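Here the structure is laid out as structure tokens; the discussion comes afterwards.
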Amino acid sequence: MARFLFVVPPFTGHVNPTIAVAAELARRGHDVAWTGLPGATEGLLPDGATFVPATSSEVAAYVDELGDRRPDLRGAAAFKFLQEEVLLPLAGAMVAGVDAAVDAFGAHVLVVDQQALAGAVVARKRGLPWATSATTSAELVDPLAGLPLVAEAMHRARVELQLANGVAPEVAEAGDLRVSPHLVVAYTTAELVPDVAVDAPICFVGSSTTGRTEVDDFPWDELEADRPTVLVSLGTLNADAGERFWAAAAEAARDASWQAIFVAPDALVPDPPPNVVVRTRVPQLAVLRRVQAVVTHAGHNTVCESLAAGVPLVVAPIRDDQPVVADQVVRAGAGVRVKFNRIKAADLGAAIDAALTDPGLRAAAERIGASFAAAGGAVAAADALEALVPSA
């Protein structure tokens, strides 16, 4: 049996997809563990998970502050900020700890999130087999294709990170830290991402999170059973960043033919219409089985879970990879895009009405949902990862 070490950043959407994969590997008799920032990362893991910290708590606290993103940045500027001010410093702080975690755990294979570059640095330095855990599809399609100077600057920064941490120059200059030449496990499907720009073996596994266990504690009796229902969620990192958006959403819902579930802080929806239930958290998989449309910031996990359930989307991207994911949804014909910052209640209401009533949107969502069902999820991911285990 083999030992798989998952190298992850302290972000919910990047840790969650690995949990079901690790559980499947463990079911087959393998040992699994995670490494990353202590504190933030451990709280995202299941009870009893093996976690090896990649930094001290003091360094982790400093690096965690880097995650305070600038809300004024959009597009390439936001991507550049994320790389230079968050991910590269995070990688620099984690390399030595990941290197030590490999020895402490006795890892045979590393499973490295695209945003946990330290894992790729260690794998390349040590010559270990490793897989990229592609928890967002944005990095599969070259989001900076139209900005070659920015793309080259980011590549040089990743090369310098490797050279500073002992990777041989000829290795550092070749390939891309974000893409393993051995395997890319992509938590999406080719039907949603047809224009892949990655030169590496890709295993499209669909969503691994749709099989997770959750407690359905939603107050269903507060909704009308025969009325169309819409889920509105801005994800775990953005729920409190959209005061204007939530106001527009509440106004759109007022007197609408549909009812809604808002996943938002109570303070941002202080006077919800009677057809809106506000909760700070929901059992999302259970909710997706009972709604007819989803309004989302285009976070990758929510998009994939919604489409896996065959539910059309209204996408309102905010930053980072979200505009790319939103474009993929629209090009697939499974959703309508609206502007997050300049949203108006009438426009949002019209988009929701389209998602609820347009048969083309629903047919596309169901078609993509079928591709997710066929992709294999955590089982397919585990199959691909087992193939990387060095022979005795």
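Ranking of ASP226, ASP99, ASP217, ASP113 by neighbouring Cβ atoms within 10 Å, starting from the fewest: ASP226, ASP217, ASP99, ASP113.
If the chain linking ASP358 and MET1 were pulled fully straight, counting 0.36 nm for each residue of separation and taking away their Cα-Cα distance, it would gain 123.5 nm. Taking Rh as the Kirkwood radius computed over C-alpha pairs, what is the Stokes-Einstein D of segment 252-392 at 20 °C in a medium of viscosity 1.002 mPa s, expressed in µm² per second? Estimated diffusion coefficient is 131 µm²/s.
Helix 359-375 axis versus longest C-alpha principal axis of the chain: approximately 30°, rounded to the nearest ten. The ellipsoid equivalent to the alpha-carbon distribution of the chain has semi-axes of 36, 22, 20 angstrom, derived from the gyration tensor eigenvalues as √(5λ) and listed largest first. Taken about its Cα centre, segment 220-373 carries a charge dipole of roughly 380 debye when the Cβ of each Lys and Arg holds +1 and the Cβ of each Asp and Glu holds -1.
For the chain, give the magnitude of the charge dipole about the Cα centre (Cβ charges: +1 Lys/Arg, -1 Asp/Glu; no others), in debye to the nearest 20.
With only Lys, Arg, Asp and Glu charged at Cβ, the dipole is about 460 debye.
Taking other residues whose beta carbon is less than 15 angstrom from the beta carbon of THR35, and scoring Lys, Arg as +1 and Asp, Glu as -1, yields -3.
How high is the relative contact order of the chain, given as a whole-number percent (alpha carbon pairs under 8 Å, six or more residues apart)? Relative contact order of the chain: 16 percent. Projecting the Cα positions of PHE372, TRP258, ALA22 onto the charge dipole of the chain (unit charges on Cβ atoms of Lys, Arg, Asp and Glu, taken about the Cα centre) puts PHE372 furthest along the positive direction.
Other residues within the sphere of radius under 13 Å centred on the Cβ of GLY92, judged by their own Cβ, net out at -3 (K and R +1, D and E -1). Compared with the alpha-carbon gap, the fully stretched path from HIS155 to GLU85 is longer by 23.7 nm at 0.36 nm per residue.
In percent, rounded to a whole number, the relative contact order of segment 220-373 is 24, using alpha-carbon pairs under 8 Å and six or more apart. The angle between the Cα long axis of helix 12-27 and the longest principal axis of the Cα atoms of the chain comes to about 60 degrees, rounded to the nearest 10. Among VAL315, ALA247, PRO270, which residue has its Cα positioned farthest towards the positive end of the charge dipole of the chain, with +1 placed on the Cβ of Lys and Arg, -1 on the Cβ of Asp and Glu, and the dipole taken about the Cα centre? My answer, from the dipole projection, is VAL315. With neighbours defined as other Cβ atoms within 10 Å of a residue's Cβ, the residues HIS14, HIS155 order from fewest to most as HIS155, HIS14. For the pair segment 235-294 and segment 342-379, the centres of their Cα atoms are 17 angstrom apart.
Contact order for segment 292-351, expressed relative to its length and based on alpha carbon pairs under 8 Å spaced 6+ residues apart, stands at 31 percent. Among residues other than ALA381 with Cβ under 15 Å from its Cβ, the summed charge is -1 (Lys and Arg +1, Asp and Glu -1). For segment 229-323, the spread of Cα positions along the three principal axes, ordered from largest to smallest, is 31, 27, 20 Å. Compared with the dominant Cα axis of the chain, that is its longest principal axis, helix 345-357 is turned about 80°.
Straight-line cross-link reach from LYS80 at under 27 Å between alpha-carbon atoms covers these lysines, not counting any fewer than eight positions away in the same chain: LYS125, LYS339. Modelled spin labels at VAL215 and LYS344, positioned 7 Å past Cα toward Cβ, are 4.4 nm from each other. By other beta-carbon atoms within 10 Å, ranking ARG319, ARG331 with the fewest at the front produces ARG331, ARG319. In order along segment 200-206, the Karplus-derived 3J(HN,Hα) couplings, from 6.51 cos²θ - 1.76 cosθ + 1.60 at θ = phi - 60°, round to 6, x, 10, 10, 7, 10, x Hz, and Gly and Pro are given as x. The H on the amide N of TRP258, modeled in the peptide plane, is under 5 Å from the matching H of no residue at least 5 residues off or on a different chain.
Read the figures in this text as sums done on the coordinates, not as results from a lab. Bear in mind that the values here come from a model prediction, so they are computed numbers and not experimental data. Using ideal geometry, Cβ is built from the backbone for each residue, glycine included, and neighbour counts are taken over all protein chains shown.
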